[in-house]
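Asker: Below: one structure in structure tokens.
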Amino acid sequence: MTTFVDRVELYVAAGNGGHGCASVHREKFKPLGGPDGGNGGRGGDVILVVDQSITTLLDYHHSPHRKATNGKPGEGGNRSGKDGTDLILPVPDGTVVQDRHGNVLADLVGHGTRFIAAQGGRGGLGNAALASARRKAPGFALLGEPGQSQDIVLELKTVADVALVGYPSAGKSSLISVLSAARPKIADYPFTTLVPNLGVVTAGSTVYTIADVPGLIPGASQGKGLGLEFLRHVERCSVLVHVLDTAALESERDPLTDLDMIEAELAEYGGLDDRPRIVVLNKIDIPDGKDLADIVRPELEARGYQIFEVSAIAHLGLNELSYALADIVAKARAAKPKEEATRIVIRPKAVDDTGFTVTAEGEGFFRVRGEKPERWVRQTDFNNDEAVGYLADRLARLGVEEELVKSGARAGDGVAIGSDEDAVVFDWEPTMVTGAEMLGRRGEDHRFEAPRPAAQRRREREAERTDAAQQEYEGFDPFA
């Protein structure tokens, strides 16, 4: 059964925002107390968080669909809906997030690093929030905005200081088992190791991590065998250690040939030319192994490699190797630029930035794209005429009508707002400047026109007093 997975395709969906509520306050002796619809709650986000206790992406291999909860709708009495709960997905340290086209979205390194993979939708405003001096009793509310959803690819690149590379059965697993507390599977047949093993080594005051990369054979960088699946795990290392087998049983193999083969595969993979190399001649406890090590050592030194002769079984030469690696790692860490706190950069939009674009697509068809227009369309209830008129007013104030005129749009032309997948298409009428001419007077509620006896009697008494005063004034003679 698979227990290690370092690449998965994951579908994430954030929660939708809750719809706003259209409600009118009612109580005894005050049946029409004004709008009191609450706002909808925000949808939950999908957040990836680095957890160093996680070492595999196995959970997402079995459950690739993850969704956050939706926001609750608003209610009457100015009660806002509850926000959706964020979905926290723990991932291993060193996880790279890509979209389905291979573009890198985030490189998650360091415990607690967070990345919002899908943003929750905004909650819709209730009619209480939409009320204004000219719209005292809105009979509509805004819909909640849908949450983001997308397919992402998670790739794990092991965060290690030292990477052990070499031919299968060269002794990498044995070497990492004696240098650290790691206990990988060890056997005398090729491809024993099927997953990268990670260990922690302490050498003096330096503590560093060491990992082996299994499955490297000729053609690994082209997809042969398992090497291509694990080559990504050497990208973050500070030093490469070539583990060469000086006691290989195959007659056609020798340490120099193995080294040339591994270097060719690393060069084909790319991006590792700047890493320092160390050569470890392993299995010198075998007589033939020690003799072969003495033969190839001059050639390796002539190539500029630092050579260490070790035996993982007999524990020979391990201290020298461990301290040499610690020295290289310490120098690499010191050479890295000091990490500074992330600066918050605020970039205000240009004054002449309208926030939308109008483009002509064919004869008599125009498309409007922009964050605000598209969001407003998603939040509009097209079954409510007043809500549609409110959308038209917003678009007119933003300048969409004026821009359509400048672009050559005429009455009856088709206009689409949004992308092809979720666009709203309508026939444009330039006479609808406010968008609500056929809806009557905006911002009024016909319920307020119902008979009110007390107010009617008060108006009648005021009219009677006015008539009496007028008659008295007309019958007054100043010369009598």
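Asker: Just to confirm my numbers, what's the Cα centroid distance between region 47-87 and region 359-376 in Å?
Answerer: 33 Å
Asker: Quick one: go through region 27-63 and flag any residue whose amide nitrogen is under 15 Å from the point 7 Å out along the Cα-to-Cβ line of LYS136.
Answerer: Counting backbone N atoms under 15 Å from the label point, the list is 31-36.
Asker: Right, something else. Could you run the Karplus curve 6.51 cos²θ - 1.76 cosθ + 1.60 with θ = phi - 60° over region 171-179 and give me ³J(HN,Hα) per residue in whole Hz, x for Gly and Pro?
Answerer: Working through the residues one at a time gives x, 5, 5, 5, 5, 5, 6, 8, 7 Hz.
Asker: Could you check the spin-label model distance between HIS315 and LEU32? Points 7 Å from the Cα along Cα→Cβ, value in nm.
Answerer: Computed distance between label sites HIS315 and LEU32 equals 9.3 nm.
Asker: Further, regarding this structure: For VAL200 and ARG333, compute 0.36 nm times the residue count separating them, minus their Cα-Cα distance, and round to one decimal in nm.
Answerer: Between VAL200 and ARG333, full extension yields an extra 46.3 nm.
Asker: Right, another one. Between ALA302 and VAL49, what is the FRET efficiency for a Förster distance of 56 Å, r being their Cβ-Cβ separation, to the nearest 0.05?
Answerer: 0.70
Asker: Looking only at region 160-180, which residues have a backbone nitrogen under 12 Å from a spot 7 Å from the Cα of VAL109 in the C-beta direction?
Answerer: 160-161
Asker: Expressed as a whole percentage, what fraction of the accessible surface of region 138-183 belongs to carbon and sulfur atoms when a 1.4 Å probe is rolled over the protein heavy atoms?
Answerer: Within region 138-183, the accessible surface is 45 percent carbon and sulfur.
Asker: Take the cross-link list LYS136/LYS372; LYS172/LYS336; LYS72/LYS406; LYS67/LYS336; LYS30/LYS372 and give me the ones stretching past 32 Å between alpha-carbons.
Answerer: From the list (LYS136/LYS372; LYS172/LYS336; LYS72/LYS406; LYS67/LYS336; LYS30/LYS372), the Cα-Cα distance tops 32 Å for LYS72/LYS406; LYS67/LYS336; LYS30/LYS372.
Asker: Now for a different question. Below 15 angstrom from the Cβ of GLY408, what's the summed charge of the other residues (Lys, Arg +1; Asp, Glu -1)?
Answerer: Neighbour charge sum, excluding GLY408 itself: -3.
Asker: Would you mind checking which residues have amide H under 5 Å from THR85's amide H? H placed 1.01 Å from N; only 5 or more apart, or other chain.
Answerer: Correct list: GLY44, THR69.
Asker: Please express the shape of region 1-150 as an equivalent ellipsoid: the semi-axes are the square roots of 5 times the eigenvalues of the C-alpha gyration tensor, given largest first in whole angstrom.
Answerer: 43, 13, 11
Asker: Tally Lys/Arg at +1 and Asp/Glu at -1 over every other residue whose Cβ is under 12 Å from the Cβ of ARG297; what's the total?
Answerer: With Lys, Arg at +1 and Asp, Glu at -1, the net is -3.
Asker: Let me ask something else about it. Which value, in Å², gives the accessible area per residue of region 27-112 when a 1.4 Å probe is used on the protein heavy atoms?
Answerer: 54 Å²
Asker: Run the quick spin-label model on ASP427 and THR359: label points 7 Å from Cα toward the beta carbon, then report their separation in nm to one decimal.
Answerer: According to this spin-label approximation, the distance is 2.6 nm.
The values are calculated or read from the model by the stated rules, or taken from the named source; none is laboratory data. Fair warning: this is a prediction, and the values are worked out from it, not measured in the lab. Neighbour counts are summed over all protein chains in view; Cβ atoms, including those assigned to glycine, are modelled from backbone coordinates with ideal geometry. For the accessible areas, the whole protein counts, side chains as well, though only heavy atoms, and no ligand, DNA or RNA atoms are used. Shrake-Rupley method; radii C 1.70, N 1.55, O 1.52, S 1.80 Å.
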